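Report on the structure given below.
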Amino acid sequence: MVVPSSMSWLGSADAPAKLTSMPEYDRDKRRKPLRLKTGAFDRNAAMARVGMVAGAQFARHSVGNLFRSRDERNQRNRDFYIRQAEYLASELGKLKGSVMKVGQMLSVYGQYFMPPEAVEVLKGLQDDTPPVAWSELEPLVRQRLGSERYAELDINPEPLAAASLGQVHRATRRADGAQLCIKVQYPGLAEAIDSDIRTLTNIIRLARLVPRGIELGVIMEEVREMVYREVDYDRERQLTAEFSTRLAADERFVVPAVYPEYCSEAVLTTSYEPAEHIQSEAVQSLAQSRRDALGAAALELFFLEFFEWGMVQTDPHFGNYKVRVDEHGDADRLVLIDFGATREFAPRFLHAYYDTVAGALARDQARLVDGAIGIQLLRRDSPQAVFDSFASVGYLIVEPFRDDAPVELLTADDAYCWGESDLPDRVSKAISEAAISRWFRIPPREIVFLHRRLGGVFVLLAVLGAELASRDLLVDYLYTALGEIDKEQCED
């Protein structure tokens, strides 16, 4: 079993929000508006063709390997996985819908068992996908809202964003000039999920992107549940309102307001909230203190969600976390968008995870290991050497929150320099040297997607170049969540 190369049991630190892209040869093609293949016959025929091509490519590759040396086979295998993943990513991007979303989620799960080259390419599905022509979506919006409501809006046919399950258009309400965002689910998407997943499972097997012994069916069933969550716009509308209510008194955050009169099961309308991308010049040129404040807000938001609410928005894509720069002061704000991937966690899982973190902070190996077993990251029958190695990796991962971090990564005020840290590389090396990966299993979806968000927070802090002393913040949230834990234990 392969442990993800960057952050092990805390998930991949560079995967969730890293702005990967498709190869140059395909980029222009992907920006052209698409015509959707919504019919079952069209979609199945398109995917059948993809599967046939992928299978034929594998057959040619296998025959060619018969006449190569071991070193040549290894290099050719890496090149093959890249080509297969590029081909699948390109074709899935054309189909949109659940097929593409499954490809995205597979890149998250794939960190645990797929070739890293293939995972890296599949990540590109999360970033730059071609929009669907407005002429394809307009009839749906008109039907769902009703002609009277539809007539109240002036909708820009050019999308603000295009993703796998839907796309967003800016609109103006004619009566008062209110600026809105209309998120439209692609037609026929919900009805095609089950068929798409069955077909895509077969394609992935034909493409040989998953090694033998991996229960792909189980993974795909978990992915199926996640996709159904994200096409439930009624649920997302409620969650958006819930986050808005919970954060209403916190001036550090902006959550769009919901306009329920312009919502349906396939249309979600919120206020338009202007903001800058995390990597924009406007954000990157902010003073250190302002970037630190943004980083602290992002970190505390995650702590709030996980330690207090037990409800975490698990999609860390940078498009969901933007910045409203204060042009007249330093009260910059994080604009939070898209709550469809929000998950609620069971108390038993939360308590075991809190024990894992508490054990890592306090260097209490027994507590750390018990917590890791409780969240199914370790097996109870593992050798002691595995527990020892796992604990050492755990202590390393919480480095930014310990008071014994490498001095070269600390400021004069003992703030951790996220932008200078090579922590993911050191964690990966520690795992490799410990040779413990074969004792790990593919984690349950709760951990996979939780770690996806946590890794995204780490990336965001690094991109901001934040310098934070965050130990006390983590200890306070952890102490409150555990209740019975002696706070001094975490501080020793």
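The values are calculated or read from the model by the stated rules, or taken from the named source; none is laboratory data. Please read all numbers here as calculations on a predicted model, not as lab measurements. Positions of Cβ are backbone-derived with ideal geometry, glycine not excepted, and every protein chain shown enters the neighbour counts.
Below, the figures for the structure above:
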| item | result |
| --- | --- |
| Segment 174-186, subset buried (at least 19 other Cβ atoms within 10 Å of the Cβ) and not hydroxyl-bearing (Ser, Thr, Tyr), residue modelled with the lowest pLDDT | Gln185 |
| Residues being touching a residue at least 24 places away in the same chain (Cβ under 8 Å) and farther than 28 Å from Leu368 by Cα - total across segment 311-337 | 16 |
| Given (1) modelled with pLDDT under 85; (2) in a helix (DSSP H, G or I); (3) out of contact with any helix residue (DSSP H, G or I) (no Cβ under 6 Å at 6 or more places or on another chain); (4) within 25 Å of Ala341 (Cβ to Cβ), index of the condition His451 fails | (3) |
| Selection status of Glu276, out of contact with any His (no Cβ under 8 Å at 6 or more places or on another chain), free of Cβ contacts under 8 Å to residues at least 60 places away in the same chain and surrounded by 15 or more Cβ atoms within 10 Å (Cβ to Cβ) | yes |
| When residues of segment 132-163 are limited to those that are free of Cβ contacts under 8 Å to residues at least 60 places away in the same chain, among the acidic types (Asp, Glu) and in a helix (DSSP H, G or I), the one farthest from Tyr233 (Cα to Cα) | Glu148 |
| Residue check, Val210 part of a loop (DSSP other than H, G, I, E, B) and over 21 Å from Val335 (Cβ atoms) | yes |
| Count of segment 270-294 residues which are in a loop (DSSP other than H, G, I, E, B) and within 22 Å of the chain's Cα centre (by Cα) | 6 |
| Residue check for Asp330: in a loop (DSSP other than H, G, I, E, B), under 16 Å from Glu251 (Cα atoms) and modelled with pLDDT under 95 | yes |
| Any hit, segment 338-357, residues being at pLDDT 95 or above and not assigned by TED's automatic domain parsing to the domain that holds Gly465 | no |
| Single unsatisfied condition, Ala415 versus (1) farther than 17 Å from Leu454 by Cα; (2) of a type in the set (A, V, I, L, M); (3) in contact (Cβ under 8 Å) with a residue 40 or more places away in the chain; (4) in contact with a helix residue (DSSP H, G or I) (Cβ under 7 Å, 6 or more places away or on another chain) | (4) |
| Residue check, Arg343 in contact with a Ser or Thr (Cβ under 8 Å, 6 or more places away or on another chain), closer than 30 Å to Tyr228 by Cβ and among the charged types (D, E, K, R) | yes |
| Failed item, numbered, when Gln376 is tested on (1) on the phi < 0 side of the Ramachandran plot; (2) surrounded by fewer than 23 Cβ atoms within 10 Å (Cβ to Cβ); (3) at pLDDT below 90 | (1) |
| Which listed residue, of Leu368, Leu378, Leu410, is in contact (Cβ under 8 Å) with a residue 40 or more places away in the chain, out of contact with any strand residue (DSSP E or B) (no Cβ under 6 Å at 6 or more places or on another chain) and not polar (S, T, N, Q) | Leu378 |
| Unmet requirement for Asp232, which otherwise passes all of (1) at pLDDT 95 or above; (2) under 23 Å from the mean Cα position of the chain (by Cα) | (1) |
| Single unsatisfied condition, Asp250 versus (1) in a helix (DSSP H, G or I); (2) among the acidic types (Asp, Glu); (3) out of contact with any helix residue (DSSP H, G or I) (no Cβ under 6 Å at 6 or more places or on another chain) | (1) |
| From Ala249, Ala257, residue being surrounded by fewer than 21 Cβ atoms within 10 Å (Cβ to Cβ), closer than 27 Å to Gly166 by Cβ and outside the structural domain of Pro444 (by TED's automatic domain parsing) | Ala257 |
| Leu368 in the same structural domain as Gly465 (by TED's automatic domain parsing) and buried (at least 22 other Cβ atoms within 10 Å of the Cβ) | yes |
| Long-range neighbours under 6 Å by Cβ, at least six apart or interchain, first residue without any contact (Cβ under 8 Å) to a residue 60 or more places away in the chain within segment 248-266, second part of a helix (DSSP H, G or I) and surrounded by 15 or more Cβ atoms within 10 Å (Cβ to Cβ) | Val258/Arg237; Val258/Thr240; Val258/Ala241; Cys263/Arg237 |
